[in-house]
Amino acid sequence: MQQDEFERLLAWLDQDRDRAGEKYETIRRGLIEMCRCRGCWEPEEVADETITRVAGKVKDVAPTYMGDPARYFYGFAKNVLREYHRRTSRPVPVNPIGPADDSEQLHMCLDQCMELLEPEHRELVLEYFNKDKKPGIDHRKSLGQRFKLKPEALRIRIYRIKKTLQPCIDECLSRT
Amino acid sequence: MRKSRDEITLIREYLLGRLDESEKESLEERFVRERDVIETLAAVESELIDDYVKGVLPAAERQALEGEVWQTPERMAKAASARALAEYATHRLGTREPMKRGGFWEVVWARPLFQPAIIAAILLVTTLGAWLAIRGFLGRPSGLQSEVSRLNEPGQLNGEPSQILGPLRPGLLRGETGIASYHISNHDEVIQIRFSVPPPADFAEYQIIKETDARVEIFKVVRPLEASGDRELLLNVNGRNLEPGDHYFRIRGISDSGQVSEIASYTLVITR
């Protein structure tokens, strides 16, 4: 993408450069998620390709376009994704999600990374994943009561704890 | 968009591929305009994967997660990570000492007068507990795991199985015509369950995993059976241990190098 195209793109998103930058990030992230959820293996590439192509068209489109530019990106992304699916042939999946990995190395890394969590977060994530507890809605409800979290908050909390843990585990596994 | 549904339900339905095209596009448009919806999306996806790994998803939802759009390296990695966490948490909580809370017990332990009494009480409880555990272990009939391990030994099977279930096909949906439902009598001693293994099926060893709410049991099967062009895995279980209701099985293949691959999932309904 040329610098002048990028500048025009930002100006189209918002006259305020900071807000334009935020909108740019939101659009990029949203495109990545959309592609990811549609089974794309390289969502960042498709999102960036979309943005590059849209940037090349802003000069012609912006003067007459009505509404939120984000919608234009979305519409464009669907076509780019369609092209992507046409040109890539993926291997037939033989493994339903997630190969099991219960190696000692992984457990050791989990030991280390768990210790970096706040005690309450550690307790929460261990209880949440404890397979000895009957899982399901009742288990979540009792966890929510115990940790004083509403269902939505519990979901987000678990997600954030996992998000915190993952880089630590990846880093530990690459070291050992 | 159906306004009666809350956002979590809407996102969940989206991830399960249940929204019609206009609902789907309406939600996806929000991805590029609203920053908050992305975190909710990620959290709901994460929860779905956790539920899949814990084996608590209904069969239809489970099958949706085994569809093509979920078979991306990134989502597979997330599932592997959730599975590892579940194994770790169960192991750790099963073996750990009580969590330190710094409350009542620390205060009591800090008083020298109470220490001998606490030690004596711990010794008494430990001894009693150990005695009860040993007594219970020796007196209790063997569980399904050990029962099946014994029954699966070719030389140990006394006669033919009294009933053969299957061959089961992978990915059966509860409530649909393809559901495998079997009636077994209370007196059946050895029930053989046959699993049809989809291609490619060339592993050094197979594992059949039976999941219930209470536990996960893993049975090793060394050799698959070739039957009229199909490849089948046979599992012999004691009929008394197949409770009425839904039973979920997964099959894993283990390559010569030790690489573990999930192959297929099966649903079986038992009635008596």
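The residues of segment A:1-51 that are under 21 Å from the mean Cα position of the chain (by Cα) and in a loop (DSSP other than H, G, I, E, B), listed by number, are A:Arg38, A:Gly39, A:Cys40, A:Trp41, A:Glu42. Contact map, segment B:50-73: residues that are at the interface with another protein chain (Cβ under 7 Å from one of its Cβ atoms) paired with residues that are open to solvent by 20 Å² or more (accessible area, probe 1.4 Å) and modelled with pLDDT of 85 or more, Cβ distance under 6 Å, separation 6+ or inter-chain. Pairs shown: B:Thr72/A:Trp41. The residue list A:Asn79, A:Asn130 contains one member that is under 22 Å from A:Met1 (Cα atoms), at pLDDT 80 or above and among the polar types (S, T, N, Q), which is A:Asn79. Each residue in segment B:233-272 was checked for being in contact (Cβ under 8 Å) with a residue 60 or more places away in the chain, open to solvent by 20 Å² or more (accessible area, probe 1.4 Å) and either over 19 Å from the mean Cα position of the chain (by Cα) or away from chain A (no Cβ under 14 Å) (or both), and 3 of them qualify. Only a single criterion out of (1) over 24 Å from A:Leu110 (Cβ atoms); (2) more than 21 Å from the chain's Cα centre (by Cα) is not satisfied by B:Ala59, namely (2).
The values are calculated or read from the model by the stated rules, or taken from the named source; none is laboratory data. Predicted model, so just to flag it, every value in this text is computed and none were measured. We place every Cβ from the backbone using ideal geometry, glycine too, and count neighbours over all the protein chains shown. SASA here: full protein model, heavy atoms, side chains in, ligands and nucleic acids out. Shrake-Rupley method; radii C 1.70, N 1.55, O 1.52, S 1.80 Å.
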